[in-house]
Amino acid sequence: AFLLRVTGNCLRHELQNGSGSVATLPYDPWTIDETALKMIERLGEGRYGEVNKAFYTDPLSEDAPRLVAVKQLKQIKSDRNIAFIMEEMRSEMEIMKSLQHENIVEIVGVCVDPVPLLIMEFVENGALNSFLRRHQNSVEVPQLLAFAKDVANGMAYLQSKEIVHRDLAARNILVTTDLRVKISDFGLARFLDTGGYYLTQNFKRDVPLAWYAPEVIEFHKYSSKSDCWSFGVLVWEMFSYAAAPYFCDLKVLAERLRQGQRLGQPAACSDEVYANLPCLTIIPSIFPYINCFNPATIRCKEL
Ligand code: ADP
Ligand code: MG
């Protein structure tokens, strides 16, 4: 079955690309055929993607069709953006192929034509921000702490892979039926350069400013530490049941942060939790330490 799939894919590439030796054609074991997908309904949309629920039938398996989430590009307005957004999606696919962790959404496959599609596992309870708004009255602090711990575990794994996420926020965290969470949306994620940083010249498009660390806002310098800052804002979102953090323009925000202004202590966050979760006070730290966090005792070891 595997060979059939390889041969089928190679032939498809050969047909599309004209002549060429099958042996030299790039084979991507992740490629699946669009006809294997049956769209069901819209799940959500974000910065550039539109995500639909679908059934995926693996033609080479006897298994019943599997529920998946299919991400594709939204309508793109200007040509100038197309290349940029396509590159973002391609990078998202490549990074996701390299990840396997219980707190990171699983990639099922990709389609390259007629349009690029990213096929992921379907995560039943959807995005954490809307989940928290829907269940404000029933989600209690131990559950919030368990969510935070899951995210920290996933981020520690990402850090070990030398990848920065750059868009860690409640809208990009997915909730399973058994109330575990998975990090998703790797559209802005990048492999770290040597030195542990990823530097850009400027902000290319709308960026999640309110989640960004001072060194990102001022110098466009991304690292696991700036992800950790975003984690702090995400934990703030959790304890605020997905309220929006501050929104202001870049200059104002940079100045406020320079003056030491930080997000406040959410009502649901007790002094004890606040004092023991340094990320809540938005002090950049590193994920492996947060891993020591134990929701049962509400303590952070060695921080
Ligand atoms: P964008 O890159 O455009 O921000 P996202 O990957 O964040 O797109 O997806 C947008 C929304 O789609 C999410 O906030 C969530 O509501 C929904 N979604 C995305 N992936 C899944 C999934 N695997 N399972 C269920 N819902 C999903
Ligand atoms: Mg998103």
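The values are calculated or read from the model by the stated rules, or taken from the named source; none is laboratory data. All values reported here derive from a predicted model rather than from experimental measurement. Neighbour counts are summed over all protein chains in view; Cβ atoms, including those assigned to glycine, are modelled from backbone coordinates with ideal geometry.
One residue stands out among those in region 152-179 that are in contact with a strand residue (DSSP E or B) (Cβ under 6 Å, 6 or more places away or on another chain) and assigned to a helix (DSSP H, G or I): the one that is nearest to ligand 2 (Cβ to nearest atom), which is Arg171. The set of residues from region 123-166 being farther than 28 Å from Leu67 by Cβ and not hydroxyl-bearing (Ser, Thr, Tyr) comprises Asn137, Glu140, Val141, Pro142, Leu145, Ala156, Gln159, Glu162, Val164, Arg166.
Taken over region 120-151, the criterion of being of a type in the set (Val, Ile, Thr) and away from ligand 2 (no atom under 16 Å from the Cβ) is satisfied by Val139, Val141. Cβ-Cβ distance below 8 Å, separation of 6 or more or different chains: which pairs start in region 46-60 with a residue that is more than 15 Å from ligand 2 (Cβ to nearest atom) and end on one that is assigned to a loop (DSSP other than H, G, I, E, B)? Short answer, once both residue conditions are applied: Lys53/Phe122; Phe55/Pro65; Tyr56/Ile32; Tyr56/Pro65; Thr57/Pro65; Asp58/Ile32; Pro59/Asp33; Leu60/Ala1. The lone criterion from (1) in a strand (DSSP E or B); (2) modelled with pLDDT under 95 left unmet by Lys182 is number (2). Within region 227-246, one or more residues are of a type in the set (Val, Ile, Thr) and assigned to a helix (DSSP H, G or I). Could you look through region 235-264, keep only residues that are buried (at least 16 other Cβ atoms within 10 Å of the Cβ) and among the hydroxyl-bearing types (Ser, Thr, Tyr), and pick out the one that is farthest from Asn172 (Cα to Cα)? This residue is Ser240.
Per this entry, Ser91 is counted among residues that are surrounded by fewer than 19 Cβ atoms within 10 Å (Cβ to Cβ) and within 23 Å of Ser230 (Cα to Cα). Considering each residue of region 108-127 in turn, at least one proves to be among the polar types (S, T, N, Q), touching a Ser or Thr at 6+ places or on another chain (Cβ under 7 Å) and in contact (Cβ under 8 Å) with a residue 12 or more places away in the chain. Within region 197-213, the set of residues being surrounded by 13 or more Cβ atoms within 10 Å (Cβ to Cβ), over 16 Å from the mean Cα position of the chain (by Cα) and more than 23 Å from Leu73 (Cα to Cα) comprises Tyr197, Tyr198, Thr200, Ala210, Ala213.
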